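As structure tokens, the structure follows; a few thoughts come after it.
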Amino acid sequence: MFRFADPYYLLLLLVLPLMIWWYWRGRSSATGKIIYSDIKLLKQVKPSLKQRLRPALFVLRLIAVTLIILALARPQSSHKEEEIITEGIDIVLTMDVSTSMLAEDFRPKNRIEAAKMVAKEFIKGRKNDRIGLVVFAGESFTQCPLTLDYGVLYHILDNMKVADQEWDGTAIGMGLATAINRLKDSKAKSKVIILLTDGRNNRGQIDPITAARMAKAMGIRVYTIGTGTRGTAMYPIDDPLWGRRYVPMRVDIDEDLLKEVAAITGGKYFRATDTEKLREIYKKIGEMEKTKIEVKEYTRYEEFFVYFLTFGLLLLVLELVLGNTYFKKIP
């Protein structure tokens with residue numbers, strides 16, 4: 001964007017028509033008269049190149065005065081800039097991968113597939129947040145440390161499977177402790193754990209309440225999600241003789257424990273009974289944990305009066321030099 005900082009100086013451009021009028025008036029009044037008996041020979045004399053170019057001196061003066069007036073008006077080029085300051089949130093997704101997550105009460109997918117799908121949707125909605133992934137069953141493991149490379153997280157989630165029989169179980173306290181360990185050195189102003197499980201704590205050396213108090217001491221907020229329908233859910237069993245069959249499995253989520261864990265850390269407990277409800281829960285958590293974005297807009301101006309003034313003065317000097325040398329009048 002181009003503008004003049006002191007546009008009232010542009011009124012001086014009204015001097016230019018007066019200069020032109022004065023110039024032509026002076027040319028006509030300065031014409032001399034000589035009486036000849038016959039001027040046929042004089043008509044055949046053509047004006048020299050110097051005579052034809054002499055008006056160029058006045059043109060130089062007009063341009064020089066115009067540039068100096070424009071310089072006084074301070075021409076400027078402006079462009080707007082934005083400074084975006086973000087304060088990202090560090091989030092660790094902590095997911096139960098015990099074999100009970102194969103229950104098919106989250107049709108058309110089972111619990112583990114629904115949890116993976118909704119987690120990926122949640123990650124896509126985040127910006128400038130570091131996100132990590134911890135999984136737990138009878139033991140807990142860090143699948144992905146805090147990262148801004150969401151593509152890596154998508155890949156890990158796509159390949160995440162339920163636990164093998166040898167480390168099956170539900171060690172909620174261990175899963176929570178591992179997630180806390182990933183956040184203990186975080187410098188983020190907001191540190192969050194989203195813990196998803198479909199059962200009761202029955203394995204591990206760390207009690208969930210003890211882990212929750214650790215989280216509180218480190219300023220970590222924990223949101224807990226109980227995943228599973230109410231009553232019973234169909235669970236697949238692969239029989240070597242009869243093939244896959246489904247049996248009803250009682251849904252047993254320790255909601256009181258999950259509520260207490262969330263309350264201790266200043267978080268909140270949610271119950272997801274189907275895929276759509278789980279999606280709504282992640283959306284609510286996303287709205288509660290918004291990344292702080294501060295946008296400062298300012299305009300930067302670049303001054304151009306120096307260029308106009310310099311060229312204007314150079315043209316004035318050129319007019320003076322040419323007027324006193326090549327175009328010099330001899331009385």
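The values are calculated or read from the model by the stated rules, or taken from the named source; none is laboratory data. Treat the numbers as computed from the prediction; the structure is a model and nothing was measured. Cβ coordinates were reconstructed from backbone atoms using ideal geometry, including for glycine residues, and neighbour counts include every protein chain displayed. These area figures cover heavy atoms from the full protein model, side chains too; ligands, DNA and RNA do not enter into them. Shrake-Rupley method; radii C 1.70, N 1.55, O 1.52, S 1.80 Å.
For segment 119-169, a residue qualifies if it is in contact with a Ser or Thr (Cβ under 7 Å, 6 or more places away or on another chain) and under 19 Å from residue 275 (Cβ atoms), and exactly one does: 162. When residues in segment 108-147 are screened for being free of Cβ contacts under 8 Å to residues at least 40 places away in the same chain and within 28 Å of the chain's Cα centre (by Cα), 7 of them pass.
Take the conditions open to solvent by less than 80 Å² (accessible area, probe 1.4 Å) and more than 23 Å from residue 264 (Cβ to Cβ) and apply them to residue 208. Does it pass? Considered against the rule, which asks whether it is open to solvent by less than 80 Å² (accessible area, probe 1.4 Å) and more than 23 Å from residue 264 (Cβ to Cβ), residue 208 comes out as no.
Counting residues in segment 121-134 that are among the small types (Gly, Ala, Ser), open to solvent by 10 Å² or more (accessible area, probe 1.4 Å), touching a Gly at 6+ places or on another chain (Cβ under 8 Å) and under 23 Å from residue 286 (Cβ atoms) gives one or more. Checking the structure you have, find out if any residue of segment 303-314 is open to solvent by 90 Å² or more (accessible area, probe 1.4 Å) and modelled with pLDDT under 85. No, every residue in segment 303-314 fails to be open to solvent by 90 Å² or more (accessible area, probe 1.4 Å) and modelled with pLDDT under 85.
Results for (1) farther than 25 Å from residue 183 by Cβ; (2) touching a helix residue (DSSP H, G or I) at 6+ places or on another chain (Cβ under 6 Å); (3) loosely packed, with under 13 Cβ neighbours inside 10 Å, shown as yes or no for each residue.
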site	(1), (2), (3)
229	yes, no, no
233	yes, no, no
238	yes, no, yes
241	yes, no, yes
250	yes, no, yes
260	no, no, no
268	no, yes, no
276	yes, no, yes
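Flag: residue 81 matches the condition of being at pLDDT below 90 and over 26 Å from residue 219 (Cα atoms). Number of residues in segment 209-267 that are in a loop (DSSP other than H, G, I, E, B) and touching a strand residue (DSSP E or B) at 6+ places or on another chain (Cβ under 7 Å): the value is 5. Which of (1) surrounded by 14 or more Cβ atoms within 10 Å (Cβ to Cβ); (2) assigned to a loop (DSSP other than H, G, I, E, B); (3) in contact (Cβ under 8 Å) with a residue 60 or more places away in the chain does residue 189 not meet, given it meets every other one? For residue 189, the failing item is (1).
Tallying residues that are in contact (Cβ under 8 Å) with a residue 40 or more places away in the chain, assigned to a loop (DSSP other than H, G, I, E, B) and surrounded by 23 or more Cβ atoms within 10 Å (Cβ to Cβ) within segment 171-186 yields 0.
How many residues are charged (D, E, K, R) and touching a residue at least 60 places away in the same chain (Cβ under 8 Å) when one looks only at segment 255-282? Selection size over segment 255-282: 2.
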